[in-house]
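One structure is given here, and the rest of the page talks about it.
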Amino acid sequence: MSALPNPGTAAVADETLWVICLCAEWCGTCRDYRPLLEDVARAHPQMRFAWVDIEDHSDIADDFEVETFPTILVAGRSGTRFLGPLLPHAETLSRMLSATQPVQPSAPEVVQLLDAIERSPGEFLVAD
């Protein structure tokens, strides 16, 4: 008789944290952030990184009402760990990602954004 998989264990094992930069192409600070985000992505291979231009992808990004660029979202299917502006400083982002963040339930717009990125990851991924 074989043991049944533990659904709780599978859910935890499948949890992927996304680090999503909500940005705009016209924003010089955002453009400065892109190469730094790629460096941080290489340093945190256990996470997935995405770049979402809020103007090119307004259908999935408008609900965030981004007022300060760049805005970073760290979220997974279990919830949101961070959502807020963060200046382009790789060490600060890396340190934040290494720290344990409490999980908060994700707002509907976070779930919608994750769904869109996971449907077409090649359009958004920063590093693989």
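A short reminder: the numbers here are calculations on the coordinates, not readings from a lab. Computed from a predicted model, the values in this text were never measured in an experiment. Glycine also receives a Cβ, built like all others from the backbone with ideal geometry; neighbour counts cover every protein chain displayed.
Given H placed 1.01 Å from N in the peptide plane, which residues other than close sequence neighbours of Gly76 have an amide H under 5 Å from its amide H?
When sequence neighbours closer than 5 places are left aside, the close amide H contacts are Trp18, Arg81.
³J(HN,Hα) across region 24-37 via Karplus (A = 6.51, B = -1.76, C = 1.60, θ = phi - 60°), whole Hz, x for Gly/Pro?
Whole-Hz 3J(HN,Hα) from phi for region 24-37: 9, 4, 6, 7, x, 5, 5, 4, 5, 6, 3, x, 5, 5.
Among Val19, Val126, rank each residue by its count of other Cβ atoms within 10 Å, from fewest to most, as a rough exposure measure.
Numbers: Val19 22, Val126 19.
Ordered from fewest to most neighbouring Cβ atoms within 10 Å, Val19, Val126 come out as Val126, Val19.
Using helices alone, what [θ] at 222 nm do you get for the chain, with -39,500 (n - 2.57) per DSSP H run of 4 or more residues, divided over all residues and rounded to the nearest 500? List each step's numbers first, then the result.
Working: 5 runs with 49 residues, N = 128.
Value at 222 nm, helices only, nearest 500: -11000 deg cm²/dmol.
Using the Karplus curve 6.51 cos²θ - 1.76 cosθ + 1.60 with θ = phi - 60°, what ³J(HN,Hα) values do you get for each residue of region 16-22, in whole Hz, with x for Gly and Pro?
Here the 3J(HN,Hα) series is 10, 8, 9, 10, 10, 8, 8 Hz.
Order these by the 10 Å Cβ neighbour count, fewest first: Arg81, Arg31, Arg119. Mind dumping the intermediate values first?
Values: Arg81 21, Arg31 14, Arg119 9.
Ascending Cβ contact count within 10 Å gives the list Arg119, Arg31, Arg81.
In what order do Ser94, Ser58, Ser106 fall by count of nearby beta-carbon atoms within 10 Å, going from fewest to most?
Working: Ser94 15, Ser58 10, Ser106 20.
Result, fewest neighbours first: Ser58, Ser94, Ser106.
Give the angle, between 0 and 90 degrees and rounded to the nearest 10, that separates the Cα long axis of helix 108-119 from the longest principal axis of the Cα atoms of the chain.
Between helix and principal axis, roughly 80 degrees.
Pick out, from Ile20, Ala43, His57, the residue whose Cα sits farthest towards the positive end of the charge dipole of the chain, with +1 on the Cβ of Lys and Arg and -1 on the Cβ of Asp and Glu.
Ala43
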